[in-house]
Amino acid sequence: MRARWILPLLLTVGCTELGATDDGLDDGKSDSSGGFSEVDAAHTNVTFQRYIEAGVRLLERDVNSELAQLTAKSIRERRVLIDELIDLTCWDFDRARKDLPDAGLTADDWKSLQDPGSDAGKKLTENLDGYMWSNRIYVARKLTVKRLASTLIHEVNHVINRSEVGYYENLPTSGFLHEYRSFALEAQFDPAEWEGVDLVDYVITNYELDRDKIDPGAIKEPLVPELLPTKEVWDTRDVAADVPDDDALCPSNLPPPGPPEP
Ligand SMILES: [Zn+2]
């Protein structure tokens with residue numbers, strides 16, 4: 001069992017401005033209409049597509065930011081898949097719920113996750129802005145367009161660094177480095193949001209890491225590659241080689257345990 005303080009890849013709601021509605025988002029009929037691909041393409045709607053499109057276009061409009069340009073390009077080129085939290089695959093839901101022990105989600109909740117207004121969907125959104133595994137990125141709904149764009153930057157960076165593996169390699173130092181990098185890039189894209197925030201403290205506190213056990217060298221120089229989702233970086237990040245999940249073995253798909261053996 002994972003210890004409580006191991007909160008992988010989570011972007012908690014701490015620094016989030018909630019409250020923007022889809023109606024308030026710019027669906028900008030600009031010239032870039034390259035689209036994106038979803039994790040669960042069978043479950044989608046126009047509102048969600050417009051929501052993501054607005055975030056990607058905001059990145060594309062930031063022509064002076066190589067980070068924003070390359071992140072948008074990665075999405076347009078389908079290097080990553082983007083979806084909402086209620087579209088978590090069975091295994092991704094299982095991972096996410098175990099990272100959120102206080103939310104009280106059970107394996108059974110996955111089956112009702114896509115139901116309108118589902119309790120499980122609400123709990124995920126309350127706890128997460130974004131989540132990723134392999135090249136699958138999930139985002140909460142109702143983020144402001146700027147927060148959404150920042151979250152895409154954060155999660156795409158996790159994908160190129162294969163954080164779902166690297167995060168655990170040398171905890172807590174590895175977890176600290178993976179999260180610090182993603183937040184530092186968010187701050188580069190949206191400095192106003194992070195003005196006055198000590199990112200080292202923020203990551204250690206938010207992810208409940210034991211500061212004394214983090215390599216002091218990592219705290220001194222926390223920003224390590226890979227920073228930008230360039231073509232060269234993608235060429236070495238072989239997503240197709242990631243271990244596939246066997247949905248038949250996913251806890252939410254297994255029959256409930258029978259009576260104990262006599
Ligand atoms: Zn993260």
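So in segment 116-146, with the set limited to residues that are acidic (Asp, Glu) and farther than 27 Å from residue 78 by Cα, which one is nearest to the ligand (Cβ to nearest atom)?
This residue is 126.
Return yes or no: is residue 180 within 26 Å of residue 65 (Cβ to Cβ), more than 11 Å from the ligand (Cβ to nearest atom) and among the aromatic types (Phe, Trp, Tyr)?
no
Keeping to segment 174-217, report how many residues are part of a helix (DSSP H, G or I), closer than 28 Å to residue 62 by Cα and of a type outside the set (Phe, Trp, Tyr).
Of the residues in that region, 16 qualify.
Give segment 14-61 a look and list any residue that's buried (at least 16 other Cβ atoms within 10 Å of the Cβ), in a helix (DSSP H, G or I) and modelled with pLDDT under 95, or say none.
15 - this is the single residue of segment 14-61 that is buried (at least 16 other Cβ atoms within 10 Å of the Cβ), in a helix (DSSP H, G or I) and modelled with pLDDT under 95.
Could you tell me whether residue 141 is under 13 Å from the mean Cα position of the chain (by Cα) and farther than 19 Å from residue 71 by Cβ?
So residue 141 passes the test.
With the requirement that a residue be free of Cβ contacts under 8 Å to residues at least 40 places away in the same chain, farther than 22 Å from residue 89 by Cβ and not hydroxyl-bearing (Ser, Thr, Tyr), what does segment 226-262 give you?
Within segment 226-262, 231, 232, 235, 257, 258, 259, 260, 261, 262 meet the criteria.
Look through segment 144-160, keep the residues that are touching a strand residue (DSSP E or B) at 6+ places or on another chain (Cβ under 9 Å) and among the β-branched types (Val, Ile, Thr), and return whichever of them is surrounded by the most Cβ atoms within 10 Å (Cβ to Cβ).
The qualifying residue surrounded by the most Cβ atoms within 10 Å (Cβ to Cβ) is 156.
The values are calculated or read from the model by the stated rules, or taken from the named source; none is laboratory data. Since the model is a prediction, treat every value here as computed from it, not as a measurement. Here Cβ is always computed from backbone atoms with ideal geometry, including for glycine, and neighbour counts include all displayed protein chains.
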